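Take a look at the structure below.
The values are calculated or read from the model by the stated rules, or taken from the named source; none is laboratory data. Computed from a predicted structure; not experimentally measured. Cβ atoms come from the backbone with ideal geometry, glycine included; neighbour counts cover every protein chain shown. All accessible areas refer to the heavy atoms of the entire protein, side chains included, with ligands and DNA or RNA removed. Shrake-Rupley method; radii C 1.70, N 1.55, O 1.52, S 1.80 Å.
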Amino acid sequence: MREPIAALVRQEGWRAEGAAARVHYEGGDDRFAVEFYAETGHVLYWSVPTDDDEGETAAPVPRDGVPDPLRRRVRGDLDEAGIDSAVERRDL
């Protein structure tokens with residue numbers, strides 16, 4: 001496991017998935033999956049369907065569609081893991 005991924009999985013809720021680390025977030029009616037890719041140093045956000053959204057699939061979410069508290073949490077987790085939190089702001 002790559003060191004940045006190993007460092008992130010020590011943060012609450014994060015788990016390793018190959019060359020990426022992922023955490024799930026639920027707030028109000030919103031559900032997100034957040035992925036950090038060590039190879040490219042990018043963070044991706046996905047909206048995750050709720051149980052009421054039968055037949056829906058996960059879809060990528062642009063940063064401006066992600067709640068600020070979640071983005072701050074992700075930057076904080078990256079920082080705690082020794083990863084430059086500026087990668088959270090990087091566009092693809």
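Numbers at a glance
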| quantity | calculated |
| --- | --- |
| Any pair with Cβ under 8 angstrom, 6 or more apart, that starts in the range 1-29 at a residue that is under 20 Å from residue 41 (Cβ atoms) and ends at one that is open to solvent by 50 Å² or more (accessible area, probe 1.4 Å) and among the small types (Gly, Ala, Ser) | 4/82; 7/82; 23/13 |
| Test: residue in the range 75-87 that is touching a Phe, Trp or Tyr at 6+ places or on another chain (Cβ under 9 Å), among the small types (Gly, Ala, Ser) and assigned to a strand (DSSP E or B) | no |
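Quick grid of which residues meet (1) within 15 Å of residue 77 (Cβ to Cβ); (2) charged (D, E, K, R); (3) under 12 Å from the mean Cα position of the chain (by Cα); (4) assigned to a loop (DSSP other than H, G, I, E, B):
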site: 7; (1), (2), (3), (4): yes, no, no, no
site: 25; (1), (2), (3), (4): yes, no, yes, no
site: 32; (1), (2), (3), (4): yes, no, yes, no
site: 36; (1), (2), (3), (4): yes, no, yes, no
site: 40; (1), (2), (3), (4): no, no, no, yes
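Conditions tested, residue by residue: (1) open to solvent by less than 40 Å² (accessible area, probe 1.4 Å); (2) not in a loop (DSSP other than H, G, I, E, B).
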{"site": "10", "(1), (2)": "no, no"}
{"site": "43", "(1), (2)": "yes, yes"}
{"site": "52", "(1), (2)": "no, no"}
{"site": "57", "(1), (2)": "no, no"}
{"site": "64", "(1), (2)": "no, yes"}
